[in-house]
Amino acid sequence: MEHKVNEIQVSYREKLSTVNATSITGSQAVAQLLFKNWNKKTIGMHETFKVLLLNNANKVKGIYPLSHGGITGTLVDVRILFAIVVKTLSVNIILCHNHPSGTLKPSEADRKITQKIKRAAELFDVRVLDHIIITPNNEYYSFADNGDL
């Protein structure tokens, strides 16, 4: 009897925004890049969690939309996040999501997922450089700039 094993493949090319080798120099540069690449029609409607994938020189390899949620939250599957990070051979990442309400203050859930991802990243020798929250008002909050990372 022949058994077929289902092969699981992670495809990131369809959802990976290519950014022409943009170097990341700080949170303001990240925020500008995010605002430029975020869907203006949905930024105030629902939360979306994305990850910026970076090489060792902090050049952006791509922006991957990890999850879309509701008005006040979205679920982040850390296993899928790191499948993308490993598949793209990224060594640095920046987490980002939007707050449709316009509130810049990170929630307790935001802080917990950031720490969870940071701990997991250490196992893969990946550095979490920042977690940026953006709002429909073109404002942003940087975990790194505020000492929350």
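The values are calculated or read from the model by the stated rules, or taken from the named source; none is laboratory data. Everything numeric here is computed off the predicted structure, so don't read it as measured data. Every residue, glycine among them, receives a Cβ derived from its backbone with ideal geometry; neighbour counts consider all protein chains shown.
Which residues, counting only those in the range 86-143, are hydrophobic (A, V, I, L, M, F, W, C) and in contact (Cβ under 8 Å) with a residue 60 or more places away in the chain? It would help to see each step written out before you state the result.
Initial filter on the range 86-143 (hydrophobic (A, V, I, L, M, F, W, C)): 86, 89, 91, 93-96, 104, 109, 113, 117, 120-121, 123-124, 126, 128-129, 132-134, 143.
Listed by number, the residues that qualify are ILE94, CYS96, LEU129, ILE132, ILE134.
Per-residue answers, yes or no, for (1) over 16 Å from TRP38 (Cα atoms); (2) more than 13 Å from the chain's Cα centre (by Cα); (3) crowded, with 20+ Cβ neighbours inside 10 Å; (4) modelled with pLDDT of 95 or more:
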| site | (1), (2), (3), (4) |
| --- | --- |
| GLY73 | yes, yes, no, no |
| ARG119 | yes, yes, no, yes |
| ASP125 | yes, yes, no, yes |
| VAL128 | yes, no, yes, yes |
| TYR141 | no, yes, yes, yes |
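If we keep just the residues of the range 37-52 that are among the charged types (D, E, K, R) and either in a strand (DSSP E or B) or more than 15 Å from the chain's Cα centre (by Cα) (or both), which is surrounded by the most Cβ atoms within 10 Å (Cβ to Cβ)?
Step one: of the range 37-52, the residues among the charged types (D, E, K, R) are 40-41, 47, 50.
Remaining after also requiring either in a strand (DSSP E or B) or more than 15 Å from the chain's Cα centre (by Cα) (or both): 40-41, 50.
Values: LYS40: 8, LYS41: 7, LYS50: 24.
For the range 37-52, the residue satisfying everything is LYS50.
So, ILE80, is that one under 21 Å from ARG119 (Cα atoms), surrounded by 17 or more Cβ atoms within 10 Å (Cβ to Cβ) and modelled with pLDDT of 85 or more or not? Spell out the reasoning first.
On the way: under 21 Å from ARG119 (Cα atoms): yes; surrounded by 17 or more Cβ atoms within 10 Å (Cβ to Cβ): no; modelled with pLDDT of 85 or more: yes.
Taking the combined requirement at face value, the residue does not satisfy it.
Does ASP148 satisfy being among the charged types (D, E, K, R) and at pLDDT below 95?
Values: among the charged types (D, E, K, R): yes; at pLDDT below 95: yes.
Spelling it out, ASP148 is indeed among the charged types (D, E, K, R) and at pLDDT below 95.
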